[in-house]
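As structure tokens, the structure follows; a few thoughts come after it.
The values are calculated or read from the model by the stated rules, or taken from the named source; none is laboratory data. Since this is a predicted model, take the numbers as computed values, not measurements. Positions of Cβ are backbone-derived with ideal geometry, glycine not excepted, and every protein chain shown enters the neighbour counts. Quick note on the areas: whole protein, heavy atoms, side chains included, nothing else; ligands and nucleic acids left out. Shrake-Rupley method; radii C 1.70, N 1.55, O 1.52, S 1.80 Å.
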Amino acid sequence: LFFAFYTPVNNAQKEAIIMQSLLTDLNYYHYKPVALDDKLSEQVYTLFLDRMDAGRRWFTQSDITQLEAFKTKLDDEANAGTYAFLDLILKLQNDAMGKTQEYYREYLSKPFDFTLHEKYEADGKKKPFAKDDAELKEYWRKSLKWESLTRFSETLSKKENKDPDFIDKSVEELEKDARNEVLKVYEDYYARLNKRKRSDFLSTYLNSFTNIFDPHTEYYEPIDKQNFDIGMSGRLEGIGARLQS
């Protein structure tokens, strides 16, 4: 009965209106309007891609090849109010999360070989996207090994300093504990990632447009705008309670 009288919201139409309204207001009210052209499209593409995978944890070169087809077309999409690029990048990231979750669970299930001399680049800006899944998996192996070694080293130091919480544990136990800590971090991290909604990604995408105008111009979805107003005014209308995970 409810749906017979109330038409469901057309999210595609809603998102199109948000994009077009945003760009119209920016070009009308902003002190320095920016032309919606291929140059802006490339800037938005680069900024959004970096925000989606700054650490080079998700995408491979084959993914980037698919995404680059939109590099100079985001201005056309914005004018049309379409989101094919956003749809594609979300699909690719979702696929990547599935396979990378298998990576970290596999590597953290057994001890690493810390006798090998290896180099690990922690700065995503200094390494290219992995050329294929095999290289992406190798990125993850080195990252997990480095994180485990860091924790392992800390607990070994505490054991050597006769910390009562660590002195009775064997080296093997400490190494396993380090891997389990890293595993918990990633399980919690992926649980949070899986709770993200499309609106969260939409906000990030729209802010990739607004931040090209200047770094202080942002789009807020309604709940974020409400929280911003509360923070700025120092006043809250309500019972003063907030739930969060």
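Summary of values
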| item | result |
| --- | --- |
| Those helices (runs of 4 or more DSSP H) lying entirely in the stretch 37-146 with at least 2 residues among the small types (Gly, Ala, Ser) | 74-80, 84-107 |
| Test: residue in the stretch 186-199 that is among the basic types (Lys, Arg), in a helix (DSSP H, G or I) and over 28 Å from PHE48 (Cα atoms) | no |
| Residues of the stretch 159-174 classified as at pLDDT 90 or above, assigned to a helix (DSSP H, G or I) and open to solvent by 20 Å² or more (accessible area, probe 1.4 Å), total | 3 |
| Residue satisfying condition, being touching a Ser or Thr at 6+ places or on another chain (Cβ under 8 Å), among the aromatic types (Phe, Trp, Tyr) and free of Cβ contacts under 8 Å to residues at least 12 places away in the same chain, within set PHE129, PHE166 | PHE166 |
| Candidates THR217, THR210 - the one that is in a loop (DSSP other than H, G, I, E, B), under 24 Å from ASN27 (Cα atoms) and touching a Ser or Thr at 6+ places or on another chain (Cβ under 6 Å) | THR217 |
| Selection from the stretch 22-76 of residues that are of a type in the set (Asp, Glu) and either open to solvent by less than 20 Å² (accessible area, probe 1.4 Å) or under 27 Å from ASP123 (Cβ atoms) (or both) | GLU42, ASP50, ASP53, ASP63, GLU68, ASP75 |
| ARG151 vs. criteria in contact with an Asp or Glu (Cβ under 7 Å, 6 or more places away or on another chain) and over 27 Å from LEU86 (Cβ atoms) | yes |
| Yes/no for ASP188 being charged (D, E, K, R) and within 30 Å of LEU206 (Cβ to Cβ) | yes |
| Residues of the stretch 200-216 satisfying the condition of being modelled with pLDDT under 90 and open to solvent by 30 Å² or more (accessible area, probe 1.4 Å) | PRO215, HIS216 |
| Residue check for LYS110: farther than 30 Å from GLU68 by Cβ, at pLDDT 95 or above and either in contact with a Pro (Cβ under 6 Å, 6 or more places away or on another chain) or exposed (fewer than 12 other Cβ atoms within 10 Å of the Cβ) (or both) | yes |
| Odd one out for TYR190, checked against (1) under 30 Å from GLU118 (Cα atoms); (2) without any contact (Cβ under 8 Å) to a residue 24 or more places away in the chain; (3) open to solvent by less than 70 Å² (accessible area, probe 1.4 Å) | (2) |
